[in-house]
Structure formats: C-alpha cells, structure tokens
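Working notes for the structure below.
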C-alpha cells in the first residue's frame with residue numbers, strides 16, 4: 001500500500017505519516033505542493049493520495065484536475081481547511097473521493113482512509 | 001467590525017487548539033489594536049481577499065510559541081528551525097481557514113501563511129483597515145489574534161498581508 005502525502009506543511013505531513021504508520025502503512029511519499037506531486041506521482045504509483053487544497057506553486061484542485069486526466073481510479077482524499085459547501089462540491093466534481101476538514105483528529109482521518117479504501121475496493 | 005467575524009475567530013481558535021493541541025483557550029475582551037498590549041516575538045500572518053479583504057495575525061511571545069509548537073508537533077523545535085515556522089504557519093492557516101469557512105460567504109480566499117520571528121516586532125496594518133485584537137490565554141501561555149479588515153471591496157487575489165518590522 002503506497003500513500004502519497006501532498007501538503008505544503010511539513011508538520012501536517014509528519015502528523016499524517018504518524019497516523020498512517022499506526023494503520024500499518026509505511027510506504028509513504030511526500031510532496032510539498034501540486035507541482036511536486038505531479039512530478040513524483042508516475043514513478044511512485046500511489047494507491048491513495050491525501051491532498052491539501054491551498055498550497056504555493058500549484059494548489060490541490062489544479063493538481064487533482066491534471067491527475068484525473070491520466071488516472072481516474074486512484075482514491076484521493078482532500079485534507080483542507082476549506083469546508084464551504086461550494087468548495088466541497090468543486091472538489092467532488094474534480095474527482096475527489098472523500099473529504100477531511102482541518103483541524104482533524106487521528107480517529108477522523110483513520111476512519112476516512114478506511115471507508116475510502118473500502119468503497120474503492122467494492123467498486124473495483 | 002462585524003461581531004460575527006470576531007466570534008468566528010474565537011470559535012476557530014477553540015477548535016484548532018482543542019483538536020490539534022488538546023488545549024482549552026480562554027479569551028479576553030476584544031478591543032482596538034493598540035489599546036490592548038500584546039507581545040509579538042512570533043507572528044503567523046494570513047491574508048484574506050474577496051468578500052472580506054485584510055489579514056489576521058496570530059501573535060505570540062517566544063515562550064508561548066515554543067510551547068505551542070511542542071504541543072502541536074509532539075517534540076520541541078527551536079525558533080531557528082524550519083519546523084518551528086512551519087508549525088506556527090499551519091496553526092495560523094487552520095485558525096483563519098476555519099474562521100473564513102464559517103463566514104457563510106462563498107467568496108473569501110486566504111493566502112499561504114507567512115511567519116515572522118523577531119523580538120517584540122511590530123506588524124504594520126494598512127491605514128484604511130479596521131483593526132481588532134482578541135486577547136487569548138492557552139495552557140501554553142498568552143497570545144493574541146489581530147484582525148485587520150478593509151471595507152468590503154473585493155480584491156483580485158489573496159495576500160493583502162501587513163508588513164512586519166523588528167522593533
């Protein structure tokens with residue numbers, strides 16, 4: 001199970017990594033913005049992506065639109081402070097599979113990861 | 001300044017500290033910036049644009065900031081560390097992002113965080129902005145939230161951040 005973390009905050013990536021490791025996922029790649037993620041995603045071939053929205057250089061929604069042109073299947077969970085209904089709808093339209101609003105507890109993130117992977121497995 | 005905006009910042013701060021630092025924050029009476037003494041050795045700054053234009057500054061004395069970073073990261077980082085600024089920036093980002101999401105306005109954008117570290121520095125606000133300070137007290141120590149909001153005119157991009165100067 002390969003997981004890619006895309007967030008401009010090293011602190012958030014560290015927290016997410018620790019939560020993923022508790023779930024038994026140790027193959028983790030980090031990217032600091034959408035551009036960085038796009039340059040790494042083909043080589044890393046993630047099974048799951050956790051994606052921030054507001055980032056420098058390339059934001060999460062721009063990354064997602066570009067990524068979905070090549071890969072419609074890999075689950076993506078948006079992890080962001082953006083919680084307005086219009087933003088959530090925009091993210092779903094762009095191809096996000098689930099949504100976590102910051103600040104989040106480890107339990108919430110773990111729960112969203114599990115339900116996302118189960119849904120995608122059932123749909124495959 | 002709209003009292004709703006101040007309330008949203010208080011709720012957002014309680015939420016961020018409660019969820020990410022397992023800490024409860026108490027709040028003093030908000031007042032005009034300048035009339036309330038606040039020590040700012042470390043500032044996390046976020047710009048707003050759109051229906052609400054301006055900036056919010058999370059200002060902390062060094063001792064508070066050091067303890068906040070340790071609570072948030074689970075390990076201590078010195079003020080010269082990249083991780084220290086990153087943690088303060090992310091806390092500012094979560095507070096402001098959460099506050100703006102509760103404004104019921106579909107058109108407010110926030111900038112990426114900027115962090116200033118320097119003993120008792122000043123953060124200069126735009127002259128046409130209304131500035132309010134909310135005094136806060138966490139188990140990690142006192143800090144403040146300074147909100148400067150310009151009249152409702154929309155601007156084209158996020159980032160109307162104030163300028164910081166050591167002082």
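Just so it is clear, none of the values below were taken in a lab; they were calculated from the coordinates. All figures in this text were calculated on a predicted structure; none of them were measured in a lab. Neighbour counts are summed over all protein chains in view; Cβ atoms, including those assigned to glycine, are modelled from backbone coordinates with ideal geometry.
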So residue A:90 clears everything in (1) touching a strand residue (DSSP E or B) at 6+ places or on another chain (Cβ under 9 Å); (2) free of Cβ contacts under 8 Å to residues at least 40 places away in the same chain; (3) within 23 Å of residue B:47 (Cβ to Cβ); (4) not in a loop (DSSP other than H, G, I, E, B) except one condition, right? Which one?
(1)
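With the requirement that a residue be part of a helix (DSSP H, G or I), in contact with a strand residue (DSSP E or B) (Cβ under 8 Å, 6 or more places away or on another chain) and over 17 Å from residue B:20 (Cα atoms), what does region A:97-114 give you? Write out each step before concluding.
So the first thing to find is which residues in region A:97-114 are part of a helix (DSSP H, G or I), and the list is A:106-114.
With in contact with a strand residue (DSSP E or B) (Cβ under 8 Å, 6 or more places away or on another chain) added as a condition, the list becomes A:108-109, A:112-113.
Within region A:97-114, A:112, A:113 meet the criteria.
Identify all residues within region A:101-124 that are within 14 Å of another protein chain (Cβ to nearest Cβ) and either without any contact (Cβ under 8 Å) to a residue 24 or more places away in the chain or over 14 Å from residue A:52 (Cβ atoms) (or both); write none if there are none. Please lay out each step first, then the result.
If we filter region A:101-124 for residues that are within 14 Å of another protein chain (Cβ to nearest Cβ), which is where we start, we get A:101-109.
Answer for region A:101-124, where residues must be within 14 Å of another protein chain (Cβ to nearest Cβ) and either without any contact (Cβ under 8 Å) to a residue 24 or more places away in the chain or over 14 Å from residue A:52 (Cβ atoms) (or both): A:101, A:103, A:105, A:106, A:107, A:108.
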Which residue pairs have Cβ atoms closer than 8 Å, lie 6 or more positions apart in sequence or on different chains, and pair a first residue in region B:80-91 that is in contact (Cβ under 8 Å) with a residue 60 or more places away in the chain with a second residue that is part of a helix (DSSP H, G or I) and buried (at least 17 other Cβ atoms within 10 Å of the Cβ)?
B:91/B:16; B:91/B:20; B:91/B:68; B:91/B:72
Residues located in region B:40-77, provided they are part of a loop (DSSP other than H, G, I, E, B) and more than 12 Å from every other protein chain (Cβ to nearest Cβ)
B:40, B:41, B:52, B:61, B:76
Can you confirm whether region A:52-75 contains a residue that is more than 12 Å from chain B (Cβ to nearest Cβ) and part of a strand (DSSP E or B)?
no
